[in-house]
């Protein structure tokens, strides 16, 4: 015969010391009277993936600009100024684009919330929870600009202290190569894709972008335009 007691509306057996045994659910791992906080890691992964893509964009755009200008102007000052201009312009463009895009999504979801509020089909607590979950356009814009700037700093820092033209180009290509492999692998890990294939795709695409920019700029510059 088993002696039981009632705790928080649940019937629990008593142990040898006449204390209630905890009713532990192996699947849920919960105890009576305790609340379990559920963390949505999918949203965190989406933000991280967007940050990786933004950094990769900043890296490749700025490096390609620097390589293109470096094809016709060999002095370090011109190359660095080009990289800085690319960083500022790209980060601003990314921020504005992200702000407009997220604000459009915010407006649509707010309209849906207001319609649900007027119909009275959704409770007040649920409406407030939905409002808190809405994306922030300002935060999205800031994160996008910051990610782009972080990527753009790689070729800038690589070229910033090297005066010799040929060595500078080689160092920039080397630094960008390492960063492309890293960003490609991280993006593949977040997307559950094969790491080697993901890294190679990003790397080959980056090399191609820099080569095309360098080659075309060199060709146009040689015509005397």
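The values are calculated or read from the model by the stated rules, or taken from the named source; none is laboratory data. The shown structure was predicted, so the numbers you read here are calculated from the model rather than taken from an experiment. Backbone-built Cβ (ideal geometry, glycine too); neighbour counts: all protein chains shown.
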Checking residue 181 against (1) under 30 Å from residue 76 (Cβ atoms); (2) in contact (Cβ under 8 Å) with a residue 60 or more places away in the chain, only one condition comes out false. Which one? (2)
Scanning for something outside any helix (DSSP H, G or I), over 20 Å from residue 67 (Cα atoms), in contact with a helix residue (DSSP H, G or I) (Cβ under 6 Å, 6 or more places away or on another chain) and in contact (Cβ under 8 Å) with a residue 12 or more places away in the chain, does segment 113-134 turn up at least one residue? yes
Of 176, 171, 150, which residue is at pLDDT 90 or above and farther than 17 Å from residue 69 by Cβ? 150
Residues that are under 9 Å from residue 95 (Cα atoms) and surrounded by fewer than 20 Cβ atoms within 10 Å (Cβ to Cβ), drawn from segment 131-142: 138, 142
With 189, 152, 142 as the choices, which residue is assigned to a helix (DSSP H, G or I), in contact with a helix residue (DSSP H, G or I) (Cβ under 8 Å, 6 or more places away or on another chain) and either touching a residue at least 60 places away in the same chain (Cβ under 8 Å) or under 12 Å from residue 59 (Cα atoms) (or both)? 152
